[in-house]
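The structure under discussion appears below in the form of structure tokens.
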Amino acid sequence: MAIIRPFKGLRPPKDLVEQVQSRPYDVLDSEEARAEAAGNEKSLYHIIKPEIDFPVGTSEYAPEVYAKAAENFQMFQDKGWLVQDQQAGYYIYAQTMNGKTQYGLVVCAYVDDYLNGVIKKHELTRRDKEEDRMKHVRVNDANMEPVFFAYPDNEQLSAIISKYVVAEPEYDFVAQGDGFRHQLWLIQGQNDLDAITSAFADIPYLYIADGHHRSAAAALVGAEKAKQNPAHKGDEEYNFFMAVCFPASQLTILDYNRVVKDLNGLSSLKFLSLLGENFVVTPMGAECYRPAKLHEFSLYLDGEWYKLELLPGKADDSDPIKSLDVSISSDLILDQILGIKDLRSDKRIDFVGGLRGLEELKRRVDNGEMRMALALHPVSMQQIINIADSGNIMPPKATWFEPKLRSGLVVHKLS
């Protein structure tokens, strides 16, 4: 059962939130962060991407860069750009994309729940990326950015959220970076706090939707602090880390597509012929074609789109991993035909989140950067839950959640 608790969030004053808030650290590179923060000393990028305060080319992993994050974090507090709430509470965070709103609860999740599997993951993490975020948590003694969880829909939680969101929010803005609306409400009434905590105690599992490295780093630093504290009791703030929890049914998963630099020495004709061994290949013309269902793909090659329909019996639908379209495309196209065996390291392949659209796939092929593009039907939230429940791990680059959480709305201090 999931253990959560309220916390005293560190937040921007209402009139500064749009200057402080930012995109997550891992969705943009250093130069993009430098450009977005230009002329704005209050941008959270000065804490989560502090290399922007150094000359171009400075490594984001340099010791002085981590030290600068802590220095800037303290400055934000000293100058009143981040102010801690006097009362512990939960927060409702709403995101509206294309007319659809999803309502999440900002909570403190329990480190031990991550370590013992109550908080379930569906992706592998890389130790170097974990260590980077661990250093960031250690040096700031805070969770600067939340992780993104899903939970099975719960009527009691929905009723509490509905009661609050009719009121005027604490924050309400449309972010320039994504064009989506972001809103935040505070929950500080003790009865509602107790009801939320109790409702989560009846939820058997939470699921990491986005932020596997942040989750791992936060939990590992919490466990580390527990070992280092001879007076450890278990209720210290470092035993918890910040997460935004959304009902699973509200989440939007977009396609996560592939572009490839070459055809592994094959002609276009031969490549299409080999595809025909496992797919029905149908030319669809020059207009962008989006896969309409699972086990259907679209290919862009030589200025033309093709529909690829998997032949019967070519997928093991009894296996939650092998039946995924990311697995099918990796096995039958990328590996078997193109010789791309490791999606994490092969430089011949790149990945394009669905928010950029099929036009981005077309652009990267038409300009000669890539030879072909492959569009996939999005993974479903139920597939993610099934895989996490079975203890399996999804293939790399399988999910793309939108909208992304904005950082800087709430920060959680560990002491």
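Considering only residues that are part of a strand (DSSP E or B) and polar (S, T, N, Q), look in region 70-99 and name the one that is surrounded by the most Cβ atoms within 10 Å (Cβ to Cβ).
Filtering region 70-99 for residues that are part of a strand (DSSP E or B) and polar (S, T, N, Q), the one surrounded by the most Cβ atoms within 10 Å (Cβ to Cβ) comes out as 95.
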- Qualifying residues in region 36-47 (those that are more than 18 Å from residue 404 (Cβ to Cβ) and either without any contact (Cβ under 8 Å) to a residue 12 or more places away in the chain or in a helix (DSSP H, G or I) (or both)) - the one farthest from the chain's Cα centre (by Cα): 39
- Subset tally (residues that are more than 18 Å from residue 24 (Cα to Cα) and in contact with a Phe, Trp or Tyr (Cβ under 9 Å, 6 or more places away or on another chain)) for region 36-67: 2
- Single residue of region 111-130 satisfying the filter (assigned to a helix (DSSP H, G or I) and closer than 21 Å to residue 69 by Cβ) that is modelled with the highest pLDDT: 130
- Query: Any idea which of (1) farther than 21 Å from residue 250 by Cα; (2) not in a helix (DSSP H, G or I) is the one residue 133 doesn't satisfy?
  - Reply: (2)
- Note on the structure: In region 311-334, anything touching a residue at least 24 places away in the same chain (Cβ under 8 Å) and among the charged types (D, E, K, R) is listed as 314, 325
- Message: I'd like the full set of residues that are under 32 Å from the mean Cα position of the chain (by Cα), closer than 30 Å to residue 382 by Cα and among the hydrophobic types (A, V, I, L, M, F, W, C), limited to region 253-278.
- Response: 253, 254, 259, 260
- Task: Determine which member of the set 294, 338, 301, 361 is within 25 Å of the chain's Cα centre (by Cα), closer than 13 Å to residue 258 by Cα and either among the basic types (Lys, Arg) or in the same structural domain as residue 263 (by TED's automatic domain parsing) (or both).
- Result: 361
- Message: Looking at (1) surrounded by 15 or more Cβ atoms within 10 Å (Cβ to Cβ); (2) part of a helix (DSSP H, G or I), which one does residue 299 not meet, given that it meets all the others?
- Response: (2)
- Query: Taking region 199-219 as the region of interest, how many residues are in a helix (DSSP H, G or I) and either among the hydroxyl-bearing types (Ser, Thr, Tyr) or not assigned by TED's automatic domain parsing to the domain that holds residue 111 (or both)?
  - Reply: 1
- Message: For a quick check of your reading: which strands (runs of 3 or more DSSP E) sit entirely within region 231-282 and have at least 1 residues that are at pLDDT 95 or above?
- Response: 240-247, 256-260
- Would you check if residue 67 is at pLDDT 95 or above, part of a helix (DSSP H, G or I) and on the phi < 0 side of the Ramachandran plot? yes
- of a type outside the set (Val, Ile, Thr), touching a residue at least 40 places away in the same chain (Cβ under 8 Å) and part of a helix (DSSP H, G or I): does that describe residue 362? yes
- Starting from region 393-415, take each residue that is on the phi > 0 side of the Ramachandran plot and list its partners that are at pLDDT 95 or above, counting only C-beta distances under 6 angstrom and pairs at least six apart or across chains. 408/20; 408/21; 408/22; 408/44
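Please go through region 138-167 and pick out each residue that is in contact (Cβ under 8 Å) with a residue 60 or more places away in the chain and out of contact with any strand residue (DSSP E or B) (no Cβ under 8 Å at 6 or more places or on another chain).
As a first pass, look at region 138-167 and keep what is in contact (Cβ under 8 Å) with a residue 60 or more places away in the chain: 138-154, 157-158, 161, 164-165.
Of everything in region 138-167, those that are in contact (Cβ under 8 Å) with a residue 60 or more places away in the chain and out of contact with any strand residue (DSSP E or B) (no Cβ under 8 Å at 6 or more places or on another chain) turn out to be 138, 139, 140.
Looking at region 48-60, is at least one residue of a type in the set (A, V, I, L, M), closer than 30 Å to residue 204 by Cβ and in contact (Cβ under 8 Å) with a residue 12 or more places away in the chain?
No, because not a single residue in region 48-60 is of a type in the set (A, V, I, L, M), closer than 30 Å to residue 204 by Cβ and in contact (Cβ under 8 Å) with a residue 12 or more places away in the chain.
The values are calculated or read from the model by the stated rules, or taken from the named source; none is laboratory data. Computed from a prediction, not measured in an experiment: that's the story for all the values here. Note that we place each Cβ from the backbone using ideal geometry, even for glycine, and neighbour counts take in every protein chain shown.
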